[in-house]
Each structure stands twice: as structure tokens, then as C-alpha cells.
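The values are calculated or read from the model by the stated rules, or taken from the named source; none is laboratory data. What you see is a predicted model, and the numbers here were worked out from it, not measured in a lab. In this analysis, Cβ positions are derived from the backbone assuming ideal geometry, glycine residues included, and neighbour counts consider all displayed protein chains.
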Amino acid sequence: MSASPLALILEGRKRPGRELLAEWVRTRRLSNSWAAIALVVGFAAMLGVQQVIEPGTMRLLSAVFMFVALAQAWNLIGGFTGYASFGQVAFFGLGAYITAVLMNNSHLTFWLAMPAAIAGGVLFAVLIGLPLLRLRGHYFAIATLGAAEGSREVINNMTPVTGGGLGITIPTFGDQAPTPYFGKPGFYLAFLILAALSVAVSALLARSRFGYAMVAVHEDEAAAGAVGINTTSVKVIAFAVSGAIVACAGSIYAFQQIEFYPSDVFDPSFTVLMVIMVVIGGSGSILGPLVGAVGLELLSQFLRINLGSYNQLIFGAIIVVVVVFFPQGVVNFFRDAWRLRRISLLDNIRRYRL
Amino acid sequence: MSQLLQAAAYGVVQGGLLGLVAVGFSLVWGVMNVINLSHGALAVTGAYLAWLLNLHFGLDPFLALPVVAIALFLFGYALQRGLINLVINAPIFLTLLLTFGLGLVILNSLQLLFNADDRTIETSYASQSLALGTVNVPYGRLAACGLALAITVGLAAVMTRTRLGHSISATGMDRGAARLMGIRARHVYAITFGISAALAGVAGTMIATVGSFNPTTTPGQLTLDAFVISVLGGLGNMYGALVGGLVLGIAESVGGLVLTGTWVNAIAMAVLILTLIVRPSGLIGKAQYSGRVEV
Amino acid sequence: MIAPSAPADAPVPILEVRGLSRKFGGVWALRDVSFAVAAGEVLGVIGPNGAGKTTLINLITGHLRPSGGHVLVGGIDVTKQRPWVIAHDGVARTFQIVKPFRGVTVRENVAIGAMHGNHRDRSVREALETADQILELVGITHRAGSAPSELSVADARRLELAKALACRPRLLLIDEVMAGLRPQEIESAVGLIHQLRESGITIVAVEHVMKAIISISDRIVVLHHGSILTSGTPDQVLSDPRVIEAYLGHRFARRRAT
């Protein structure tokens with residue numbers, strides 16, 4: 001074989017891991033580390049905020065943090081990988097019930113129950129992901145919706161274990177409590193850590209080879225397969241990581257709620273909220289779901305407090321307006337507006353209308 | 001045994017009604033590739049309209065049907081023309097979200113107007129039923145089921161025999177080609193959605209006559225049923241929707257008898273998922289659309 | 001596992017298909033097709049529309065499951081393997097209808113090939129470096145930062161080729177990379193293929209552009225209605241009266257004659 005420059009390119013060279021690591025360290029700059037710095041600063045700022053706010057506000061912000069994690073999780077499978085799951089709440093409910101059952105029936109501590117919930121989420125993702133991720137578009141959406149409804153019904157009917165429709169209670173007081181209740185400051189911290197971790201995991205995945213593989217699967221599976229991407233495992237792993245984050249959120253949520261029913265933790269509106277937060281913010285990025293989750297959760301809390309019975313009506317109207325006017329998400333909308341120095345809502349409508 | 005027969009009979013008439021809910025849902029899905037999550041809310045809108053007509057004018061729900069159908073048709077036409085057409089080419093989760101938001105708006109408006117109480121349309125014949133040996137079938141249900149059958153057959157005839165039906169099918173198969181043939185896709189889509197809404201309204205009225213409804217749980221349940229039935233029956237397949245409705249109706253009533261609790265719902269979901277995996281074209285549909293990835 | 005058909009001392013062909021068949025509904029798109037490609041060879045595949053050329057490539061790369069027959073790469077049976085397994089065996093391909101990853105830049109498109117198609121580039125950074133080299137090789141360095149949708153037809157084909165090359169294949173299957181190109185673009189594509197071949201890559205080229213396929217191929221296989229009509233050197237195939245009459249048309253036949 002000739003040693004032409006072309007042949008050398010095509011041959012490539014294998015470099016040791018040590019060399020790569022050294023190069024990575026050497027090339028760290030402010031310009032390529034700002035995201036990590038922003039995350040650390042944001043995390044520290046929220047710790048600072050906690051010192052000056054009321055417990056009620058802590059509870060509100062805990063919910064915001066939880067939705068940040070849920071939105072990032074949905075974005076992994078729905079945004080990056082392009083498989084719009086309408087059943088992610090299944091992982092939430094599953095995580096909640098695994099935690100409650102282990103703490104209530106088996107008297108395990110939260111610190112054992114939560115990892116078990118995450119493991120359960122991963123296992124469930126692999127089990128339903130392998131057959132369902134072969135489906136496309138609407139069919140995947142319905143199948144996942146069906147899986148979520150089905151798992152709620154299963155939990156609902158496993159009365160001896162789960163309490164069924166009568167709900168389940170996690171013991172939190174006295175000798176009965178396997179783990180002392182966290183209280184509002186504790187759950188604030190727990191959800192903050194979950195949110196920060198989910199953002200970090202998403203950001204790391206997005207910049208890795210795996211992140212590019214997710215995008216490739218999203219764009220074209222045949223082409224992805226042709227360049228050596230194992231599309232099946234990319235889809236299942238993305239689904240499993242997403243499921244693990246959602247299950248962990250469900251686990252903490254269950255402990256926070258103490259008492260709940262299948263219809264609470266398998267409520268399809270959790271799924272819809274995840275989707276709408278990602279869509280409002282902008283899918284397939286890290287900032288989009290973050291902005292969407294924070295913005296929408298604060299807005300819906302505001303509506304709930306100030307508009308009473310009209311809040312759901314207005315919430316529905318907001319969804320409609322966002323889908324029509326910001327189909328690509330506000331983050332992308334403002335980025336494009338900045339780049340083109342032009343704000344045009346009509347362009348958005350022209351894109352998808354008949 | 002007689003219990004089982006009674007359950008089966010109930011399942012058949014209930015299934016006919018559910019089939020009618022699903023026919024419109026399946027039509028919109030098949031023609032426009034839109035999953036209308038507000039379908040149940042439209043059905044309940046129809047139910048409230050018939051309930052109001054009965055309450056204030058004493059109009060029999062069966063006589064109110066034309067009014068409900070026309071009102072819902074116009075509402076549906078306007079919705080599609082003014083709103084859904086705006087995002088018809090968007091990725092699927094956007095149309096799903098849009099119709100979900102639309103459903104929220106509709107059912108919360110209804111709840112604000114009429115509160116969340118269970119309602120039913122009272123008729124003089126509600127308590128009378130036809131006795132077939134040991135099996136009793138209420139006249140109201142029987143009539144509702146017969147009507148559902150007649151409407152489905154009528155709609156299938158419209159779709160296969162008329163110019164409008166051909167326009168709708170053609171647009172569903174290939175919108176670009178249909179437009180080249182001079183079909184106004186926007187108008188055809190709006191008519192399709194109007195028909196679907198009218199069917200939902202009629203089905204809602206029938207459900208309100210033979211049972212009860214409310215704005216909080218009924219819409220979601222109906223949409224979910226329509227989902228399952230459409231998948232079982234095959235998209236855009238009118239008779240498929242009816243058969244799917246009957247299958248679901250019988251399975252739920254007989255299953256409810258045999259199984260404890262709500263296991264039957266879990267089984268319905270398992271059947272839905274299995275159908276999607278094994279036969280995405282539906283149990284009796286032709287394999288014309290592949291929902292699977294070929295790799 | 002199937003026994004090799006050639007004598008034990010003969011070099012193992014890099015690609016061999018045996019009795020490959022695929023049925024769509026009731027129609028055979030490809031029926032009982034067998035041939036072998038030796039390492040370093042350029043094999044041209046021609047045939048009229050619907051002859052089964054693209055189906056053949058899809059069957060080799062695992063994008064379609066064969067109804068019958070076998071595919072061997074380097075003597076190893078890869079029939080019914082998934083596409084990524086075959087890609088990792090050193091088989092890369094282009095798509096006739098270009099399939100860029102639209103959400104990322106041209107450079108990242110090629111880098112995706114580099115980071116997943118071979119076992120050399122283990123980090124995104126390395127893959128991007130490889131991508132830069134390959135973009136230069138195919139001549140679209142100036143479009144590195146563009147979105148794939150902004151590319152011209154010729155550049156989109158080059159991107160398709162670059163993605164495949166980034167996988168560092170030993171066998172490259174190209175599906176009509178020259179269709180619809182201008183003459184000088186075809187010339188540069190032909191030059192590139194010669195270059196690739198000199199670097200040791202084995203090439204199977206499906207092509208409509210006759211002039212190009214003649215100048216690059218060592219051997220040509222002619223497909224018709226899913227079966228091999230004839231095969232041989234370009235001159236043998238082109239002088240075969242059946243080929244001239246049935247597939248290339250009378251005009252081409254006359255031009256060859258003069």
C-alpha cells in the first residue's frame with residue numbers, strides 16, 4: 001500500500017488516552033468552559049438565595065428545579081434523539097412508587113430506595129424501549145402514552161403492594177420513619193442538586209460522541225447506521241438516561257409528598273408539561289429546556305395564585321399561542337432574531353402552515 | 001351465563017358508541033396525520049349543547065342531533081381553518097401540543113360555564129328496555145348504537161361514492177398531488193375536521209343520553225378510547241373504527257365481569273402496544289402505512 | 001458460516017455476494033445475484049432504472065434484509081447484520097438521495113462519520129480534525145461551517161462521500177455520486193475516485209454516467225430486472241450487443257461504433 005498523504009489520512013493514527021487528556025487540560029479556556037462555570041455559579045447562587053427566602057418560596061422553587069430536571073430528561077429522548085415520548089410520566093410514577101413501597105413496606109431508607117427507583121427506571125426504559133423505539137412518529141408517541149396509562153393501571157391494581165387506588169403513605173415521623181423528613185429546605189437542596197446534575201449530564205452528553213450520535217439518529221437513521229452508529233443502543237441509552245432522571249425526580253417527589261395516589265404521580269399532564277417546556281424553550285439544546293422549565297413553571301404558579309379557576313384555561317391558551325408563534329422555542333427565536341436583526345412572528349407561521 | 005350475555009350485550013351497544021367517537025378521530029388522523037387530543041373535549045361540547053337544548057326547550061336529544069352536528073361542524077371547520085392549518089406541517093409533537101392546549105381551553109371553558117358536576121340528559125324512555133330472554137337492553141342505548149352504525153355506514157358511503165369523499169381521500173393520500181388536481185387542501189382539511197367534530201358532537205350527545213358526562217374526566221377518557229380504537233381498527237378506516245369500538249366495548253364489559261378492579265384497562269393498554277408493535281396498520285386494516293423503522 | 005467458494009490458496013475477495021435476492025411484495029427487486037470483488041479493484045454496476053442497483057447496495061450494507069443469499073466481507077458472512085456492524089467491518093457507503101445530518105454543520109457531519117465509523121478517532125476533537133482533512137480532500141473546506149441544506153448538488157454529493165470516507169473504509173460503495181453533475185464536476189469526481197483507489201480502497205460504484213463509469217472501473221456488472229445480465233471489462237460489456245441495445249440506447253451504440 002502506498003504511503004500517500006491520502007492513505008495516511010484514511011489510515012488515521014491511534015493516540016493514547018493520556019495524550020488526549022493532557023491535550024484537553026491544555027486547551028481549557030474561558031471561551032470553552034463558560035457553560036461549566038455558568039452551571040457552578042448558578043448552583044452557588046441558588047444556594048445563596050435559599051438563605052434569604054421564606055419556606056413557601058422554597059417549595060415553589062423546588063417545583064421549578066424538579067421541572068428543570070424533567071424537561072432536560074425529556075429533551076434527551078424527544079429533543080436530541082427525536083423520539084417524542086408521551087409517556088415519560090411512567091418513569092415518574094414508577095420512581096415514586098418504588099420509593100414509597102420500599103420505604104413503607106420494607107422500611108428501607110430513602111438513600112437505598114432512591115437508587116432502586118433509578119435502577120427501576122433504567123430497567124423499565126430498556127424493557128419497553130427495545131420494542132417501542134422501533135416505532136416512528138405518532139406510533140411511538142401513542143405507544144409510550146399507552147405504556148404510561150398501562151403502568152398506572154398496573155400500580156392501581158396491585159393493591160396488596162401499592163395500596164391501589166387508596167394511595168400510599170411514606171412514614172416520616174417517629175420510630176416508623178426509615179429516613180427523617182427533609183423539610184422544605186432539604187427538598188429545596190435535593191431538587192436543586194437533581195436539576196444541576198441533569199443539566200450537567202445533558203450538557204456532557206450533548207458535547208460527546210454520544211451527543212452527535214443522538215443528533216444523527218434524529219436526522220436520519222439509515223445514514224446514522226451507515227456511518228457506524230448503533231442506532232438501537234443510542235435510542236435505548238438516551239431513553240434510559242431520560243428515564244433514570246425522571247424516576248429520580250419521582251422518587252424525591254414521592255418523599256416530599258408523603259402521601260399520594262396513582263392518579264397523582266401518573267398524571268399525563270406531567271408528560272405534557274415536560275414536552276411543552278422543551279418546546280417553549282427550544283428543543284435539542286441545553287439552554288432551551290432550562291429556560292422553558294423555569295419560565296413556564298413560574299408562570300403557571302403565578303396563574304394558579306392570581307387567577308384561580310381561570311388558570312387552566314389561560315394555560316391552555318398559552319400552549320396554543322406558543323405552538324403557533326414560537327414553534328422553534330423562545331431561545332432559538334431570540335437567537336435568530338439577534339442574528340438577523342429582525343423579529344418576525346409571521347416567519348414562524350409561514351414555516352408550518354398549509 | 002346470563003350475566004355474561006348481559007355484559008356482552010352491554011358491551012356491543014357501548015362499543016357502537018365508542019366506535020362513533022373514534023370514527024371522527026380516526027378520519028382526522030388518517031387524512032391529516034393529526035392526532036386530535038381535543039376530540040374528547042369536542043364530544044363533551046356536543047353533549048353540553050344537547051343538554052342545554054333539552055333543559056331549556058325540552059328538545060329530545062335525538063331531535064337535537066342535527067343542531068349539534070351543524071354547530072360542531074362549523075366550530076370544527078373554523079378551528080381547522082383558523083388554527084390547526086397554521087401548524088399542519090410542523091413536527092408531530094407540536095400538533096399534539098396544539099390540540100392538547102385546545103382541549104384544555106375548551107374543557108376549562110365548559111367547566112367555568114357549567115361547573116364540574118356530572119350531567120345526564122333525562123328522557124322518558126331512559127328506564128325502559130327491551131327484554132331478550134334474560135338480557136335487557138335499554139331502548140336509548142339500542143337506538144344510539146343503531147344510529148352509530150348508520151352514521152358510520154353513511155360516512156363510508158360519502159367517502160367512497162361522492163366527489164367530496166374522493167377529495168378528502170385524495171388529499172389524505174398525497175396532498176401535493178391533490179392540490180395539483182385543483183383540490184383546495186385548506187378547505188378539504190377544514191371540512192374533514194368539521195365532519196370529525198360533528199361526529200364527536202353526535203357521539204357526545206348519545207353518551208349524555210345513555211349515561212353521564214362531566215368536563216373533567218369524560219374528555220380525556222373519550223380521547224384515550226378513540227386512540228385505542230383507531231389503532232386497533234387502522235387509521236382512517238371507518239369500519240375498522242366501528243369494529244375496534246365493538247372489540248373494546250365487549251372486552252371492557254366482559255373483562256370487567258371476569259377481572260377484578262381495573263385490570264381490564266391495563267390489558268387494553270397492553271393490547272394497544274402489542275398491536276402497534278406487531279401490526280401498526282391495525283387489526284383489520286391493510287398494511288399501507290408503516291410506522292416502523294426499516295433498518 | 002459458509003465455506004469459501006474459491007480454492008484455499010486464492011486471495012479472499014474483499015466482498016462477495018452469493019445468490020443475493022430480495023422481494024418487495026410479490027416482485028423480485030433482486031434475484032440470485034452473485035459476484036466477487038478483489039481487494040483494490042473498482043467494480044462498476046450499471047443497469048436501467050429499477051434494475052436493483054440501489055437495492056443491491058442496501059442489501060450489502062444491511063439497510064435491507066435479503067430474502068435469500070449471502071454477503072461476505074473479507075470472507076466473513078455478514079448477511080443480516082445490522083448496518084453499523086457492517087460499517088465497523090470497514091464498509092462505507094453513500095446514498096443516492098443524499099442523507100446529510102441537517103441539524104449540524106458540514107464539518108460536524110463528516111466528524112460524525114469519523115467518530116463512529118472507525119476505531120481511531122475516540123474524541124470529538126480528533127474527529128473534527130479528521131473531518132477537516134477529509135473536507136480538504138474532497139474539496140469543500142470552504143463550506144465547513146455551512147448547514148448541509150445550503151450546499152449545491154455537487155457539494156452535497158461531496159459531503160456524502162466525505163462522510164463515508166471519514167469512516168476510513170476498506171470497501172466503499174458509491175451510489176450515483178455523479179448523477180446531475182456538470183462535466184467538470186464529474187471530471188474532478190473521477191479524479192478523486194482514482195486517488196482513493198490508489199490509496200488502497202476497494203470501490204463498488206453504481207453509476208448512470210457512462211463516461212465516468214468506464215474510466216474508473218476495472219470490471220463492470222450489468223443488472224437488469226434484478227439479475228446479472230453480463231459482466232466483464234468495460235470494453236467487453238460495452239461491446240455486448242444486448243447491453244448496447246437494451247440499456248444504453250441506440251444513440252450510445254452508434255457513438256461507440258464511430
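Given the options A:PHE191, A:PHE182, A:PHE210, name the one that is without any contact (Cβ under 8 Å) to a residue 60 or more places away in the chain, out of contact with any Gly (no Cβ under 8 Å at 6 or more places or on another chain) and of a type in the set (Phe, Trp, Tyr).
Step by step, each of A:PHE191, A:PHE182, A:PHE210 is checked, and only A:PHE210 is without any contact (Cβ under 8 Å) to a residue 60 or more places away in the chain, out of contact with any Gly (no Cβ under 8 Å at 6 or more places or on another chain) and of a type in the set (Phe, Trp, Tyr).
Yes or no: region C:38-55 includes at least one residue that is outside any helix (DSSP H, G or I), among the basic types (Lys, Arg), assigned by TED's automatic domain parsing to the domain that holds C:ILE193 and closer than 30 Å to A:HIS218 by Cα.
For region C:38-55, residues outside any helix (DSSP H, G or I), among the basic types (Lys, Arg), assigned by TED's automatic domain parsing to the domain that holds C:ILE193 and closer than 30 Å to A:HIS218 by Cα: absent.
For region A:328-338, state whether one or more residues are under 26 Å from the mean Cα position of the chain (by Cα), crowded, with 17+ Cβ neighbours inside 10 Å and at positive phi.
Yes: region A:328-338 contains one or more residues that are under 26 Å from the mean Cα position of the chain (by Cα), crowded, with 17+ Cβ neighbours inside 10 Å and at positive phi.
For A:ASP175, all conditions in the list (1) under 28 Å from A:ARG134 (Cβ atoms); (2) in a helix (DSSP H, G or I) hold save one; what is the number of the exception?
All conditions pass for A:ASP175, except number (1).
Report yes if C:ASP155 is touching a helix residue (DSSP H, G or I) at 6+ places or on another chain (Cβ under 8 Å) and more than 27 Å from A:GLU19 (Cα to Cα), otherwise no.
The answer is yes for C:ASP155.
Among the candidates C:ALA156, C:ALA131, C:ALA147, single out the residue that is buried (at least 21 other Cβ atoms within 10 Å of the Cβ), more than 8 Å from chain A (Cβ to nearest Cβ) and among the small types (Gly, Ala, Ser).
C:ALA131
Here is a check on your reading of the model: is C:HIS208 under 16 Å from the mean Cα position of the chain (by Cα), surrounded by fewer than 18 Cβ atoms within 10 Å (Cβ to Cβ) and part of a helix (DSSP H, G or I)?
Against the criterion (under 16 Å from the mean Cα position of the chain (by Cα), surrounded by fewer than 18 Cβ atoms within 10 Å (Cβ to Cβ) and part of a helix (DSSP H, G or I)), C:HIS208 does not qualify.
Checking B:LEU65 against (1) at pLDDT below 95; (2) more than 16 Å from the chain's Cα centre (by Cα); (3) not charged (D, E, K, R), which single condition isn't satisfied?
Only one criterion in (1) at pLDDT below 95; (2) more than 16 Å from the chain's Cα centre (by Cα); (3) not charged (D, E, K, R) is unmet by B:LEU65, namely (2).
Of B:ALA78, B:ALA116, which residue is modelled with pLDDT of 90 or more and more than 7 Å from every other protein chain (Cβ to nearest Cβ)?
Exactly one of B:ALA78, B:ALA116 is modelled with pLDDT of 90 or more and more than 7 Å from every other protein chain (Cβ to nearest Cβ), namely B:ALA78.
To keep it simple, each residue is scored yes or no on (1) among the hydroxyl-bearing types (Ser, Thr, Tyr); (2) touching a Gly at 6+ places or on another chain (Cβ under 6 Å); (3) surrounded by fewer than 23 Cβ atoms within 10 Å (Cβ to Cβ).
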| residue | (1), (2), (3) |
| --- | --- |
| C:LYS163 | no, yes, no |
| C:LEU172 | no, no, no |
| C:ALA179 | no, no, yes |
| C:GLN184 | no, no, yes |
| C:LEU192 | no, no, yes |
| C:GLY200 | no, no, yes |
| C:ILE203 | no, no, yes |
| C:ILE214 | no, no, yes |
| C:ASP218 | no, no, yes |
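Determine, yes or no, whether C:ILE220 is away from chain A (no Cβ under 14 Å) and not in a helix (DSSP H, G or I).
The answer is yes for C:ILE220.
Considering only region A:319-354, state which residues are of a type in the set (A, V, I, L, M), free of Cβ contacts under 8 Å to residues at least 40 places away in the same chain and more than 8 Å from every other protein chain (Cβ to nearest Cβ).
Those that are of a type in the set (A, V, I, L, M), free of Cβ contacts under 8 Å to residues at least 40 places away in the same chain and more than 8 Å from every other protein chain (Cβ to nearest Cβ): A:VAL321, A:ALA337, A:LEU340, A:ILE343, A:LEU345, A:LEU346.
For region C:97-117, how many residues are more than 7 Å from chain A (Cβ to nearest Cβ), of a type in the set (Val, Ile, Thr) and either part of a helix (DSSP H, G or I) or closer than 16 Å to A:GLU221 by Cα (or both)?
Here the count works out to 4.
Would you be able to tell me the number of residues in region A:105-160 that are within 8 Å of chain B (Cβ to nearest Cβ) and outside any helix (DSSP H, G or I)?
Count: 3.
So for region A:79-91 (the condition being within 14 Å of chain B (Cβ to nearest Cβ), touching a Ser or Thr at 6+ places or on another chain (Cβ under 6 Å), assigned to a helix (DSSP H, G or I) and modelled with pLDDT under 95), does at least one residue qualify?
yes
Could you check region B:32-46 and list, in sequence order, the residues that are part of a helix (DSSP H, G or I) and either under 13 Å from B:ILE106 (Cα atoms) or at pLDDT 95 or above (or both)?
Within region B:32-46, B:HIS39, B:GLY40, B:ALA41, B:LEU42, B:ALA43, B:VAL44, B:THR45, B:GLY46 meet the criteria.
One residue is enough: does region A:52-70 have a residue meeting the conditions buried (at least 23 other Cβ atoms within 10 Å of the Cβ), in a loop (DSSP other than H, G, I, E, B) and among the polar types (S, T, N, Q)?
Taking every residue of region A:52-70 in turn, none turns out to be buried (at least 23 other Cβ atoms within 10 Å of the Cβ), in a loop (DSSP other than H, G, I, E, B) and among the polar types (S, T, N, Q).
Go through (1) loosely packed, with under 15 Cβ neighbours inside 10 Å; (2) within 30 Å of A:GLN312 (Cβ to Cβ); (3) of a type outside the set (Lys, Arg); (4) touching a Gly at 6+ places or on another chain (Cβ under 8 Å) one by one and return the number of the condition B:LEU199 breaks.
(1)
Of all residues in region C:158-175, which are charged (D, E, K, R) and touching a helix residue (DSSP H, G or I) at 6+ places or on another chain (Cβ under 8 Å)?
Within region C:158-175, C:ARG158, C:LYS163, C:ARG168, C:ASP175 meet the criteria.
Could you grab me the full set of residues in region A:190-214 that are at the interface with another protein chain (Cβ under 8 Å from one of its Cβ atoms) and buried (at least 24 other Cβ atoms within 10 Å of the Cβ)?
Correct list: A:TYR212, A:ALA213.
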